[in-house]
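I have placed the structure first, in the form of structure tokens, so that the comments after it can refer back to it.
Taken together, the values in this text are just the output of simple stated rules run on the coordinates, not laboratory data. As the structure is a prediction and not an experimental result, all values here were calculated from the model. Here Cβ is always computed from backbone atoms with ideal geometry, including for glycine, and neighbour counts include all displayed protein chains.
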Amino acid sequence: MSDTMSTQAVVEIRGLVKDFTVGGFGSRNHVRALGGVDLDVRSGEIVALVGESGSGKSTIARCVARLEHPTAGTIHVGGVDVLRREPRRASRAYRSKVQMVFQDPFGSLNPVHRVEHFLTRALQLHGKAGGNGRSASLHARLEELMATVDLDPALLDSYPHELSGGQRQRVAIARALAVEPEVILADEPTSMLDVSVRIGILNLMRRLRDERGIALLFITHDLASARYVADRTVVMFAGEVVESGESTALMADPAHPYTRLLLSAVPDPRRAGTFDPVERAALRAEVLGATSCPFEAEGICRTDVPVWHRLGPDRAVRCHVYRPQRDVARRALDVAAATTTTEIEDQPA
């Protein structure tokens, strides 16, 4: 879906397809991870990609980071078609624009090096160390990076195993910031952290957006975190985008059956005992077995690919329910919404 409300998109993804080979060396069997994804991320904006494991969220980030090569489609960063300009591998200049923060902060930091090494190395590789790389200005830059992510500069002499999970993730973010990127791809950056420290990382992401105008693609399965930190939320299902919109509005009134199913899985004491688990299991089976919508009585979901329907200036959904003359299916969806949707608090769990 093309985002017509975009002011200036730093990242523009069009028709992104990614197939993975299965069955071993020489096999011609493929599984499709992404089925023609369109996505924009603008300067000073946080976009959350949500969906179940296997929906294609991380694959999008890895394609943009050039860790995977797309089967088809285009990726524009700063108006440049990067796959055409650099077809084989990403240049160092590209990596200075696009940085990635991985899910496991311990796995992304070499345990034999100190924190100072990670930051210094990033500055040196991208020509931002200044002088001979050992000047007083370099040390001042290292302290500035540590302060930006709310870490004590004394931790520059620490090894990764001497830090907490939250501190390690902040070091990974500082390393990404060292090259002054335009885009940060955050792949489940809080999923391996204690609940008590997640809010600090989310607030840091918001501050980077507000103070530096960095575009962030935030990949998560935590809908509460997406609502709290993201300007827009994009819902992924089976390798395709099925709904997008402003985060608060989308989660307050989800339009797609799959989005409603995701929200129904969020624990809510007020709904305890009111939703039949058998009913939910049936809904899930129908959603996963259909192209789009489980309420299409004619079975059109299994034969016709749904198209995008605008529900407002910044809301869109890809579902047959919103086709003209689908009032019966739409009423069925509204009835289901009464038992599946839930209100998510501003504070992430």
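Amide hydrogen proximity for residue 73: with H placed 1.01 Å from N in the peptide plane, the residues at 5 or more positions away or on another chain lying under 5 Å are 17. Taking each residue as 0.36 nm, the span from residue 206 to residue 106 lengthens on full extension beyond its C-alpha to C-alpha distance by 33.7 nm.
Taking segment 55-93, which trypsin sites (Lys or Arg not before Pro) meet the DSSP loop condition and have no more than 16 other C-beta atoms within 10 Å? Please report the intermediate quantities before stating the final value.
Values: sites: 57, 62, 66, 84, 85, 88, 89, 92; in loops: 66, 88, 89.
Hits after loop and neighbour filter: 88, 89.
The shape of segment 95-151 comes out prolate: with a ≥ b ≥ c from the C-alpha gyration tensor, a/c is at least 1.5 and a/b beats b/c. With a simple spin-label model that places each label point 7 Å from the Cα along the Cα-to-Cβ direction, the separation between residue 311 and residue 85 comes to 3.7 nm. Computed on segment 190-265, with alpha-carbon pairs under 8 angstrom and 6+ residues apart, the relative contact order is 18 percent. What shape does segment 46-97 take by its C-alpha gyration tensor, where a ≥ b ≥ c are the square roots of the eigenvalues and a/c under 1.5 counts as rounded, a/b above b/c as prolate, and the rest as oblate? Prolate is the answer for segment 46-97, as a/c is 1.5 or above and a/b outweighs b/c.
Can you list the trypsin sites (Lys or Arg not before Pro) in segment 144-241 that are in a DSSP coil and have 13 or fewer other beta carbons within 10 angstrom? Working shown, then result.
On the way: sites: 168, 170, 175, 198, 206, 207, 209, 212, 227, 232; in loops: none.
The qualifying sites: there are none.
The lysines within cross-link reach of residue 128, meaning a Cα-to-Cα straight distance under 21 Å and a gap of 8 or more places when in the same chain, are 97.
Shape verdict for segment 147-236, please, from the Cα gyration tensor: rounded (a/c under 1.5), prolate (a/b greater than b/c) or oblate. It comes out oblate by the Cα gyration axes.
Relative contact order for segment 1-80 using alpha-carbon pairs under 8 Å, separation at least 6, rounded to a whole percent?
41 percent
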